[in-house]
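Encoded as structure tokens, the structure appears first; notes follow it.
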Amino acid sequence: MILCFDIGGSRIKAATSTAGRLMPLGDTPTPTHDFTAFIAAIARFAKGITPKAVAISIAGVVDPDTQKLRVANIPCADHRRLGPELEQALGLPVLILNDADCFAMAETAQGAGQGHRNVFGVILGTGVGGGLVIDGKLVSGPGGFAGEWGHGPVAKTQVEGVTLPEFPCGCGLTGCIDAVCSARGMEKLHLSLHGLTATSESILTDWQSGKAQATQTVNVWRAILAPPLAMILNTVGASIVPVGGGLSNVPALIAHLDEAVRAMILRHTDRPLVVPALCTIEPGLIGAAAAAEVAFA
């Protein structure tokens, strides 16, 4: 049995997982500024049970060399060696995982990635992120940043006959996929192309209705996003790309992206490659538990 957590800036969700079956334990507010209270909130869920390990999904990155966590929305845990400190408090082995990695692992274990050796899970929502699973194991890489394809100055500025600015990104670079192809990025594209302020939801509604301005925005969005994604798939050999995040709620958009990506990769296939994720309920808990089963087998 694995004791697993999905920890966000507002709540801590807990469950046990036995052979991939989740049993919810409830949730509690996240103590964001008191580390002692933060550890205690997690420890309360461990009372009365005997798991073989603890697995945590969190919106942060663990440096594999130092075990220090970088997590912006929980200041008390930022720069702490959360895994070792929890191991000492609980007397159990602890695995700390990025939430996008957990998403990719959930899709591998119980979602669209079942039966695939290499899975690249993609998040298209408030930000652009990802996680990589090869032969059933998560790949984190130096610094823990493997799979974070949303950052790097690679976004085209000459596309579909228009010239775009190099949008600044929150990571400090300009021209990142995260800055221009996230939900907020799509809105910035629409404003840049047409001088119109609109939500990504309304842009996609208008696109599906065939409205010209929204159609141009979505086509430019796809033309920026598809080439770097195709290059990544050529590099890592992923045979399926489950997509989560808010933009994945429009299946037609994911199919539109899939069409472009499959035309650009070296391995030609008539089967869908970029697909909506199937683990839409508790992917953090599912993925954390699945990764722990592999790590502590």
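Summary of computed values
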{"item": "Residue among Asn234, Asn219 that alone is in a helix (DSSP H, G or I), open to solvent by 60 Å² or more (accessible area, probe 1.4 Å) and more than 19 Å from Gly127 (Cβ to Cβ)", "result": "Asn234"}
{"item": "Members of the range 251-279 found to be modelled with pLDDT of 95 or more, open to solvent by less than 30 Å² (accessible area, probe 1.4 Å) and either out of contact with any Ser or Thr (no Cβ under 9 Å at 6 or more places or on another chain) or part of a strand (DSSP E or B) (or both), listed by number", "result": "Leu253, Leu257, Asp258, Ala260, Val261, Ile265, Val274, Val275"}
{"item": "Given (1) touching a helix residue (DSSP H, G or I) at 6+ places or on another chain (Cβ under 7 Å); (2) crowded, with 17+ Cβ neighbours inside 10 Å, number of the condition Ala100 does not satisfy", "result": "(1)"}
{"item": "Residue under evaluation Ser209, criteria (1) open to solvent by less than 20 Å² (accessible area, probe 1.4 Å); (2) over 24 Å from the mean Cα position of the chain (by Cα), criterion not met", "result": "(1)"}
{"item": "Which listed residue, of Pro64, Pro84, Pro93, is at pLDDT 95 or above and either open to solvent by 50 Å² or more (accessible area, probe 1.4 Å) or within 19 Å of Leu138 (Cα to Cα) (or both)", "result": "Pro93"}
{"item": "Residue list for the range 147-168, filter: part of a loop (DSSP other than H, G, I, E, B) and surrounded by fewer than 19 Cβ atoms within 10 Å (Cβ to Cβ)", "result": "Gly152, Pro153, Val154, Lys156, Thr157, Glu160, Gly161, Pro165, Glu166"}
{"item": "Residue within the range 189-196 that is crowded, with 23+ Cβ neighbours inside 10 Å and in contact (Cβ under 8 Å) with a residue 12 or more places away in the chain present", "result": "yes"}
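Okay, residues lined up against (1) among the hydrophobic types (A, V, I, L, M, F, W, C); (2) more than 19 Å from Ala295 (Cα to Cα):
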{"position": "Thr16", "(1), (2)": "no, no"}
{"position": "Pro24", "(1), (2)": "no, yes"}
{"position": "Thr28", "(1), (2)": "no, yes"}
{"position": "Pro31", "(1), (2)": "no, yes"}
{"position": "Cys76", "(1), (2)": "yes, yes"}
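The values are calculated or read from the model by the stated rules, or taken from the named source; none is laboratory data. Values in this document were obtained by computation on a predicted structure and should not be read as measured data. For neighbour counting, all protein chains shown are included, and Cβ atoms are generated from backbone atoms with ideal geometry for every residue, glycine included. Note: accessible area is taken over every heavy atom of the protein model, side chains too, but ligands, DNA and RNA are not part of it. Shrake-Rupley method; radii C 1.70, N 1.55, O 1.52, S 1.80 Å.
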